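Just below is one structure, and these are the notes that go with it.
The values are calculated or read from the model by the stated rules, or taken from the named source; none is laboratory data. Since the model is a prediction, treat every value here as computed from it, not as a measurement. Cβ coordinates were reconstructed from backbone atoms using ideal geometry, including for glycine residues, and neighbour counts include every protein chain displayed.
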Amino acid sequence: MKRISLTQHLVEEQRNHNTIPAELRLLIEVVARACKTISHAVGKGALGDVLGSANIENVQGEVQKKLDIISNEILLEANEWGGHLAAMASEEMETIHLIPNRYPMGEYMLLFDPLDGSSNIDVNVSIGTIFSVLKAPDGMAAPTEQDFLQPGAQQVAAGYAVYGPQTVLVLTTGNGVHCFTLDREMGSWVLTQSNIQIPADTREYAINASNARHWHPPVTRYVNEMLAGTSGPREADFNMRWIASMVADVHRILCRGGIFMYPADVRDPSKPGKLRLMYEANPMAFIVEQAGGAATDGHGRILDIQPEKLHQRVPVFLGSKNEVERVTAYHKE
């Protein structure tokens, strides 16, 4: 079987669809290279002295792990100098990161969650990196936070890496979803799945059931119907899976179907959800829709949300289309 590299795939995609200019291709390649470096650090674990807490909080009020900080630095340093970017934004940083003026300014903007699933780092469970690429607005002089506040439908590329038994990179540039596996001996990304499709129906769901007492009624109704199994209104048995790492949960759904839910709940009305729109929900929604799935906040399409701030949080329901539509319909009732 002929091995197709990430670069060859991107070049051929540009020839076929004219959606990946050279600048965007180089940007994606740099992000993929940074993910290789993060994978290497993750793989060393305790041997690389990267496990455990850094004992400082990020902008979200979450205690950072050493690997959170390392991964953030790797992505910033890798992407600063190439001339493809106007600015970057990270879930780990309060405001945007401008490109130092000793480097040329490019026409794209990169957002990322450098290490998703931090609670899994120290127990050797899959974690990952999520990224999103936007086009800088026309005529933009000095980038501001406002320039990043574009609906997810305007993303030109999105992807994630999973650092698990294999390291994989999942990518969309708006023409389907493709998966690359890192050949660790050769150090190259090799295309291993093309045009991935999420089955419209599923018998698996992912949710943090420990929050059940805080859920809003539509979520309680939906999950209780699944828990009732063959004797309930759904007349089918469902399995629950929960890895507590969004990349790993979404990757399972991409591979074999399912619905992932991180709903809002009644605990803190000022937080309409836990996941960040710009760094998690938008890139994952773009990928899931490109794979034939659906992604909503319980009321409408995630990719249509007009962001109001950089670290905005939203409820998330994504995955197999028919299940996402069902739970969304329960919210609308």
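Taken together, the residues in region 292-320 that are surrounded by fewer than 22 Cβ atoms within 10 Å (Cβ to Cβ) and of a type outside the set (S, T, N, Q) amount to 12.
Scanning region 110-153 for residues being surrounded by fewer than 16 Cβ atoms within 10 Å (Cβ to Cβ), over 21 Å from residue 84 (Cα atoms) and either of a type in the set (Ser, Thr, Tyr) or in the same structural domain as residue 254 (by TED's automatic domain parsing) (or both) gives a total of 1. Residue check: is residue 156 touching a Lys or Arg at 6+ places or on another chain (Cβ under 6 Å), surrounded by fewer than 22 Cβ atoms within 10 Å (Cβ to Cβ) and not assigned by TED's automatic domain parsing to the domain that holds residue 284? When the stated conditions are applied, residue 156 passes them.
When the residues of region 24-37 are narrowed to those that are farther than 16 Å from residue 186 by Cβ and out of contact with any Phe, Trp or Tyr (no Cβ under 7 Å at 6 or more places or on another chain), which ends up surrounded by the most Cβ atoms within 10 Å (Cβ to Cβ)? The residue in question is 28. Residues in region 289-309: is at least one closer than 20 Å to residue 164 by Cβ and either in a helix (DSSP H, G or I) or in contact (Cβ under 8 Å) with a residue 24 or more places away in the chain (or both)? Yes: region 289-309 contains one or more residues that are closer than 20 Å to residue 164 by Cβ and either in a helix (DSSP H, G or I) or in contact (Cβ under 8 Å) with a residue 24 or more places away in the chain (or both).
Residues are listed down the side, and each one gets a yes or a no for (1) more than 16 Å from residue 115 (Cα to Cα); (2) over 19 Å from the mean Cα position of the chain (by Cα); (3) loosely packed, with under 14 Cβ neighbours inside 10 Å:
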{"site": "20", "(1), (2), (3)": "yes, yes, no"}
{"site": "66", "(1), (2), (3)": "no, yes, no"}
{"site": "74", "(1), (2), (3)": "no, no, no"}
{"site": "81", "(1), (2), (3)": "yes, yes, no"}
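In region 151-256, counting only strands (runs of 3 or more DSSP E) that sit wholly within it, the ones holding 1 or more residues that are among the polar types (S, T, N, Q) and modelled with pLDDT of 95 or more span 167-172, 177-183, 188-193. Of all residues in region 252-265, none that is outside the structural domain of residue 223 (by TED's automatic domain parsing) and touching a residue at least 60 places away in the same chain (Cβ under 8 Å) has its Cβ atom under 8 Å from the Cβ atom of a residue that is among the aliphatic types (A, V, I, L, M) and assigned to a loop (DSSP other than H, G, I, E, B), 6 or more apart or on another chain. Criterion applied to 7, 95 was being of a type in the set (S, T, N, Q), assigned to a loop (DSSP other than H, G, I, E, B), surrounded by fewer than 18 Cβ atoms within 10 Å (Cβ to Cβ) and modelled with pLDDT of 95 or more, and the one residue passing it is 95. In the set (1) outside any helix (DSSP H, G or I); (2) modelled with pLDDT of 95 or more, the condition left unmet by residue 270 is number (2). Could you tell me whether any residue of region 195-202 is without any contact (Cβ under 8 Å) to a residue 40 or more places away in the chain, under 23 Å from the mean Cα position of the chain (by Cα) and exposed (fewer than 15 other Cβ atoms within 10 Å of the Cβ)? The answer is yes, given that some residue of region 195-202 is without any contact (Cβ under 8 Å) to a residue 40 or more places away in the chain, under 23 Å from the mean Cα position of the chain (by Cα) and exposed (fewer than 15 other Cβ atoms within 10 Å of the Cβ).
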